[in-house]
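Peer 1: First, the structure itself, so that you have it in front of you.
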Amino acid sequence: MALDSSPTLFTIPPGVPFLDALANALVRDPTLGCVLSEEPEALADLTILLPTRRAVRSLTEAFLRAGDGKAILLPHIRPLGDVDEEELLLTADPTEGVPGSLDLPPAVDGMDRQLWLARLILAWGRGSPFGPKNAGQATSLAAELAHLIDSAETEGIDLSKVRNLVPDRFAEHWQHTLSFLEIALDYWPQELAERGLIDPAKRRNLAIRAETEAWASNPPAHPVIAAGSTGSIPATAELLKTVALLPKGAVILPGLDQALDARGWQAIGPSHPQYGMKQLLVGVGADRAQVQTWPHARPSSVAEDRAAFLSEALRPAETTDAWSGGETRTFDQAAATTGLTLIEAPTPREEAAAIACALREILEVPAHTGVLVTPDRSLARRVAQELGRWDIPIDDSAGTPLTGTTPFGLLRLLAVTVSEGLAPVSLLDVLKHPLTSLGLSSVECSQRTRELERALLRGPRPGQDIAGLRDVLARTELEEGQKARLADLVDRLEAAIAPFLECYDVYELPLKDLAEAHLRAAEALAASDEANSADQLYRGDAGEAAALFMETLLASADSLTAMEPLAYLRLLETLAAGRMVRPRFGQHPRLSILGPLEARLLSADRVILGGLNEESWPTAAPIDAWLSRPMREELGLEPPERRIGLSAHDFVQAACGSDVIITRSLKVEGAPTVPSRWLLRIDSLLKGVGQKDGLTPDPTYLHIAEKLDEPEAVAPGAAPQPKPPLEARPDRYSATEVETLIRDPYAIYAKKVLRLRPLDPLDADAGALERGTLLHQALENFARKFPDRLPEDVEAAFLEMGRLAFEMAPNRPGVTAFWWPRYEDVARWMAVWEGDLREGLTRTHAEIKGELALQGFGRPMTLSARADRIDEREDGSFAIYDYKTGTPPSKKQVEAGLSPQLPLEAAIAAAGGFEAEGGVPLAARPVSVLSYLHLSGGDPGAAEKKVSLDGSEDAASVLEGLTSLLQRYENEGTPFLSRPRVQFQALWGDYDHLARVREWTAAQSGGEG
């Protein structure tokens, strides 16, 4: 039996449910009125080829609907593989559906290929200044090179032709590119030949061509239908041509535009939605007139008008003069836009909320279905989350990236923290990960992690690795039981990850050793007191996907025998990129979220096309990493706009439904967006035919979404006015707390009544607090060692005391590296200052405590202080000094009572309230000097700032004001206000978030806060 001389071609018009129309006609008559066969045929004898696996599953369901639920024997339905071409993921089995056994070598595994190519790239790079620096970079380049190999194989192009491109036409660096491409032209084919393998795209093409040749030479006795494909893979186009010419074969095109005028058809280019079918018809040797409409697939008049309208809107740019020349097809403008709604949301959040409302609405209609079609996976995830408010479980059927799953997250975070030497932020990411238990219960592990964070990881970074943690733990004062718990946690952490940490102590090692140590460490982290590590780490679809990924990595790791451990993280992320985890269960029966490829040939009662912004849908034309546009054209590769044409066809097919909602965001991440080119064309056509405002946005669903979260009333924020009972109010204030009480009483309430303390930042820079602590300790060491006489070398003594202070501090390398040079400047200045000062002193006291019982209260009230330095002078008076690493208060602030610390210390000293070493009271004396020492480091290292030469007089005045102030706060009706003297406050205080300062200051200023 020979092939027919003319092809059998059909089309199912836009707006007609493609798979339902296909199934209905075949259930009625499998021979299509003798078009497929002049002999009676059973439905089960047919073979139907479809472009995607999802379409295969959906056609099965369509046959069940067409059979009214009765048991029927289905045709043999299998995919053609268009998705593999357009996405170039090549995850499908290339031999699926190929009849008989083909003598083809097996296809190389994707990860094997990427690592083999990475090894070849590293070898090439050793002789080139443009080579990759490490295995991570090489693996990224390998992915790009594999993409180029696949493109050439898919389109049937001989990549060796790149050698024949004229070098003079291109930049000098092309010679380096050509040198790199020799990997794909020479070395890679040799590798494949030695291993008896071929590239997946080549194997698929060979399998398809083998089937094509088999059918051409020996046409099958049963009918064959190829439906829904545009033949964008050359090998697939050859198969479609053969199917169309089979005596019992037919090809069904999706939405062929048979009414576009000849001039428009002739001008169609790669970015046009009809380009693929035009090329296919040329290859088959047919024209549009030979294409029949599929039986019983007549669209409604509204669908016809919509299709005509979109055809005109997207006609080739060079023929749009037809809009004003009266050459356009006639269509009912009102009917064409009936059921077509545009939503323009301010941001993606509002866009997702509006889409969710539109999908939720469809469930109010029994048996109706809804689908969101979008290439924007972020938008898809947002919509799924929004639907959760109605407890509607829905998954993005495009899947979740493996890199975004919980199990892979632990694997990645573990690699990050080990590569960073257990830096606090990344270490806490690992310890707080929901899968981490370290052999404990999850509750116990979480509790100990919080203790570890507060005790060791807040503030400047500890030393590197486990030794750094242990050193800080040993130097930190903790309750004995807590110290034991944290030591046990650190021991467990070391036992889990030590082998993986040790991998980073060497310059190079095999990838397999790294991956094995990585996996063992992750499993040890995930082990709990009840479940073993594998159960915890590999649970569920995401866990199984992570296990398969690591299993594949270990199986392929021998391809890369040596690599730098610091490149492992990038290698891991590169290999995992593009891998998706798709849910096997839990799909909603009536709602779905699909990508454009998955949605191909599918239909729903309501179709929402989301993310219609330029560079989102359609995506920007991809830039080839190796070949320029002229090079691609000379080689015969499809132009990048080809993908835009495929996307345009998907858009038109989906937009011809009876209920279509198009959505876009006006801004994304704060930046204005550009509407999709298709929306701009639609708008231009509408304006051209007299609809002045074009396609007007409908705010209905935006308003509904806004109302869902809108409270009944919004009360303006008010400043807090806590009024605790007298017994809860403080009865003891330090001199520094008095200043806080004056400036921000709410901070005293939060600290002393609520007992809240601010946490230091994680991995903090070496800040003023750490610097101040070290400088205070160094100067205290000096004063205690030399209280009444100076050493011979004062500066050397200051440096020695500083070294002791820095050595005794927790192991914080950043603090020492940053502040020691500044301390040397301080020591140099202090040596000179101390020498001049000691001539009039009898003794120096450092860091001494004092307190004073205040009078005039109904209960005991105490003022306390810790003076940095008090000198006993020969004239019988005290001199009091306060060290400041930051800017000290001005003399006016001290005199105004806003910074009363030194005068209050003077009041305590004048009353004999300070105690020297050993608890010996310092006798009451008048205070003659109050002074700040500004320890800045630099040039000069410090400076003295005297604020009073009659401290006793200042002390009496301040003490009187303090008594009056505290007596007011003894009244339970007096609130602890937040920032009452805002002009004297820092921009942001430790407790301002608790006081909701920004909320009530914005309300007070009319929203300008």
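Peer 1: If you count, for each residue, the other Cβ atoms within 10 Å and average over each peptide, how do 15-28, 841-854 line up from highest to lowest?
Peer 2: Numbers: 15-28: 21.6, 841-854: 17.9.
In descending order of packing, they fall as 15-28, 841-854.
Peer 1: Can you run phi through the Karplus equation (6.51, -1.76, 1.60; θ = phi - 60°) for segment 372-383 and list ³J(HN,Hα) in whole Hz, with x for Gly and Pro?
Peer 2: Whole-Hz 3J(HN,Hα) from phi for segment 372-383: 9, 10, 7, x, 8, 5, 5, 5, 4, 5, 4, 5.
Peer 1: Decide, for segment 760-971, between rounded, prolate and oblate: order the square roots of the alpha carbon gyration tensor eigenvalues as a ≥ b ≥ c, take rounded if a/c falls under 1.5, and otherwise choose prolate if a/b is larger than b/c, else oblate. Before the final figure, lay out the partial values.
Peer 2: Values: a/c = 1.90, a/b = 1.44, b/c = 1.32.
Since a/c reaches 1.5 and a/b is larger than b/c, the shape of segment 760-971 is classed as prolate.
Peer 1: For segment 110-197, rounded, prolate or oblate, judged on the Cα gyration tensor with a ≥ b ≥ c (square roots of eigenvalues), a/c < 1.5 rounded, else prolate if a/b > b/c?
Peer 2: Values: a/c = 1.83, a/b = 1.12, b/c = 1.63.
Taking the square roots of the gyration eigenvalues as a ≥ b ≥ c, segment 110-197 is oblate.
Peer 1: Now for a separate question. Starting from the amide H of Met563, placed 1.01 Å from N in the peptide plane, find each other amide H under 5 Å away whose residue is 5 or more places distant or on another chain.
Peer 2: Here Leu509, Leu511 satisfy the definition.
Peer 1: With +1 on each Lys and Arg Cβ and -1 on each Asp and Glu Cβ, and nothing else charged, work out how big the dipole of the chain is about its Cα centre, in Debye to the nearest 20.
Peer 2: Working: 101 positive and 146 negative charges, 269 e Å.
It comes to approximately 1300 debye.
Peer 1: Output the 0 to 90 degree angle, nearest 10, between the alpha-carbon long axis of helix 301-313 and the longest principal axis computed from the alpha carbons of the chain.
Peer 2: Between the helix axis and the principal axis of the chain, the angle is about 70 degrees.
Peer 1: Quickly rank 300-313, 241-254 as a protection proxy: mean count of other C-beta atoms within 10 Å, highest first.
Peer 2: Numbers: 300-313: 21.9, 241-254: 24.2.
Per-residue Cβ counts within 10 Å, averaged per peptide and sorted highest first, yield 241-254, 300-313.
Peer 1: Looking at Thr552, Leu572, Gln691, which one has the Cα that reaches farthest to the positive end of the dipole of segment 545-694 (charges on Cβ: Lys, Arg +1; Asp, Glu -1)?
Peer 2: Going by the Cα projections, it comes out as Gln691.
Peer 1: How high is the FRET efficiency between Trp390 and Gln258 when r is their beta carbon distance and R₀ equals 56 Å, given to the nearest 0.05? Display every interim value, and only then the final one.
Peer 2: On the way: r = 43 Å, r/R0 = 0.77.
My answer for the efficiency is 0.85.
Peer 1: Could you tell me how many degrees, from 0 to 90 and to the nearest 10, lie between the Cα long axis of helix 173-182 and the main elongation axis, the longest principal axis, of the Cα atoms of the chain?
Peer 2: On a 0 to 90 degree scale, this one is about 70.
Peer 1: How do Arg642, Arg57, Arg315 rank when sorted from fewest to most other Cβ atoms within 10 Å of their own Cβ?
Peer 2: On the way: Arg642 20, Arg57 12, Arg315 26.
With the fewest neighbours first, Arg642, Arg57, Arg315 line up as Arg57, Arg642, Arg315.
Peer 1: Between Glu477 and Arg65, what length comes free when the chain is fully extended (0.36 nm per residue of separation minus the Cα-Cα distance, one decimal in nm)?
Peer 2: 141.0 nm
Peer 1: Let me ask something else. Measure up Lys483/Lys723; Lys849/Lys884; Lys161/Lys202; Lys432/Lys707; Lys723/Lys945 against 29 Å on the Cα-Cα distance and list the ones that go over.
Peer 2: On the way: Lys483/Lys723 38 Å; Lys849/Lys884 18 Å; Lys161/Lys202 17 Å; Lys432/Lys707 36 Å; Lys723/Lys945 39 Å.
Distance filter (> 29 Å) returns Lys483/Lys723; Lys432/Lys707; Lys723/Lys945.
Peer 1: Output wanted: per-residue J couplings in Hz (rounded whole) for segment 265-271, from phi through Karplus 6.51 cos²θ - 1.76 cosθ + 1.60, θ = phi - 60°, x for Gly and Pro.
Peer 2: Rounded to whole hertz, the list is 4, 5, 8, 4, x, x, 8.
Peer 1: Scan around Gly15 for amide H atoms under 5 Å from its own, H built in the peptide plane at 1.01 Å from N, and keep only partners 5 or more places away or cross-chain.
Peer 2: Those lying under 5 Å, H to H, from Gly15 are Cys656.
Peer 1: Looking at segment 628-678, which GluC sites (Glu not before Pro) are DSSP coil and have at most 10 other C-beta atoms within 10 Å of their C-beta? Present the calculation step by step, with values, prior to reporting the outcome.
Peer 2: Details: sites: Glu633, Glu634, Glu641, Glu669; in loops: Glu669.
Answer by residue number: Glu669.
Peer 1: Tell me the angle of helix 511-526 to the major Cα principal axis of the chain, expressed in degrees between 0 and 90 and rounded to the nearest ten.
Peer 2: 70
Peer 1: Quick one: what are the phi-derived ³J(HN,Hα) couplings along segment 650-667, Karplus 6.51/-1.76/1.60 with θ = phi - 60°, whole Hz, x for glycine and proline?
Peer 2: For segment 650-667, the Karplus-derived couplings read 4, 4, 4, 4, 6, 7, 8, x, 6, 9, 10, 10, 9, 10, 7, 10, 6, 9 Hz, x marking Gly and Pro.
Peer 1: Using alpha-carbon pairs under 8 Å, 6+ residues apart, how would you state the relative contact order of segment 402-581 in percent?
Peer 2: Result for segment 402-581 is 32 percent.
Peer 1: Given contacts defined as C-alpha pairs under 8 Å and at least six residues apart, what's the relative contact order of the chain, whole-number percent? Before the final figure, lay out the partial values.
Peer 2: On the way: 1675 pairs, mean separation 133.2, N = 1009.
RCO, the chain: 13 percent.
Peer 1: Determine the shape class of segment 769-872: with a ≥ b ≥ c the square roots of the Cα gyration tensor eigenvalues, call it rounded for a/c under 1.5, and otherwise prolate if a/b is greater than b/c, oblate otherwise. Write down the numbers at each step before the final one.
Peer 2: Details: a/c = 3.05, a/b = 1.44, b/c = 2.12.
Oblate, since a/c reaches 1.5 and b/c is not below a/b.
Peer 1: What are the residues whose amide H is under 5 Å from the amide H of Asp659, where those residues sit 5 or more places off or on another chain and H is modelled from the backbone?
Peer 2: Hits under the 5 Å cutoff: Val607.
Peer 1: Please give the calculated 222 nm ellipticity per residue for the chain, where each DSSP H segment of at least 4 residues contributes -39500 (n - 2.57) and the sum is spread over every residue; nearest 500 deg cm²/dmol? Kindly include the intermediate steps, with their values, before the conclusion.
Peer 2: Working: 39 runs with 454 residues, N = 1009.
-14000 deg cm²/dmol, from helical runs alone.
Peer 1: Which pairs, out of Lys133/Lys512; Lys752/Lys785; Lys70/Lys248, put more than 31 Å between their alpha-carbon atoms? Write out the running numbers ahead of the final one.
Peer 2: Numbers: Lys133/Lys512 20 Å; Lys752/Lys785 35 Å; Lys70/Lys248 27 Å.
Over 31 Å Cα-Cα: Lys752/Lys785.
Peer 1: Sort out for me the Cα centre separation of segment 1-77 from segment 834-853, rounded to whole Å.
Peer 2: 100
Peer 1: Students often check this: by mean Cβ neighbours within 10 Å, which of 377-390, 918-931 ranks highest, and how do the rest follow?
Peer 2: Values: 377-390: 18.7, 918-931: 15.8.
The packing order, highest mean first, is 377-390, 918-931.
Peer 1: Out of the DSSP beta bridges found with both residues in the chain, what percent are antiparallel (nearest 5)? Provide the component values of the computation, followed by the final result.
Peer 2: Details: 29 of 78 bridges.
So the antiparallel bridges in the chain amount to around 35 percent.
Laboratory data are not the source of any read-out in this text; all were calculated from the coordinates shown. Everything numeric in this text was worked out from a predicted model, so none of it was measured. Backbone-built Cβ (ideal geometry, glycine too); neighbour counts: all protein chains shown.
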